[in-house]
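Everything on this sheet refers to the single structure shown next.
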Amino acid sequence: MLLERSTAKTKRQIARVTKEMWPMFVQHLMWRPRERAWASTSLRARDVELVRGQRNEVLKMAAEYDMDMDLEL
C-alpha cells in the first residue's frame, strides 16, 4: 500500500538503496561458519538457487510498482 502511494522520487531512492544493499544481502545468504566450510562446496548450487529466487522475487515486486531494478548475482 505504501509503494502504491509513493512518489517517483521515493521509488528511485528505494531502487538505489536496494541496489546498494543487494551485495551485502547475497553475502549474508551465502555465508557459512568455518565449522561448516566443508559443506560449502556441496551446498553452493543450492545457495545460488536461493539467491536467484530471492532476486526474482525482488524484481517481481519492483515491476508491480513500476520500479526499474537491475540486481546482479
(message) Quick check on segment 1-47: of everything there that is among the hydrophobic types (A, V, I, L, M, F, W, C) and not in a helix (DSSP H, G or I), which residue is farthest from Y65 (Cα to Cα)?
(response) W31
(request) Would you please list the contacts, defined by Cβ atoms under 6 Å and residues six or more apart or on different chains, that run from a residue in segment 30-51 that is free of Cβ contacts under 8 Å to residues at least 12 places away in the same chain to a residue that is assigned to a helix (DSSP H, G or I)? (result) R32/S40
(request) Could you identify the single residue in R16, R55, R32 that is surrounded by 10 or more Cβ atoms within 10 Å (Cβ to Cβ) and over 25 Å from L3 (Cα atoms)? (result) R32
(request) Quick one: count up the residues across segment 20-49 that are touching a helix residue (DSSP H, G or I) at 6+ places or on another chain (Cβ under 6 Å) and modelled with pLDDT of 85 or more. (result) 4
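The values are calculated or read from the model by the stated rules, or taken from the named source; none is laboratory data. Not measured: the values here are computed from a predicted model. As a convention, Cβ positions derive from the backbone with ideal geometry for all residues, glycine included, and neighbour counts pool all protein chains shown.
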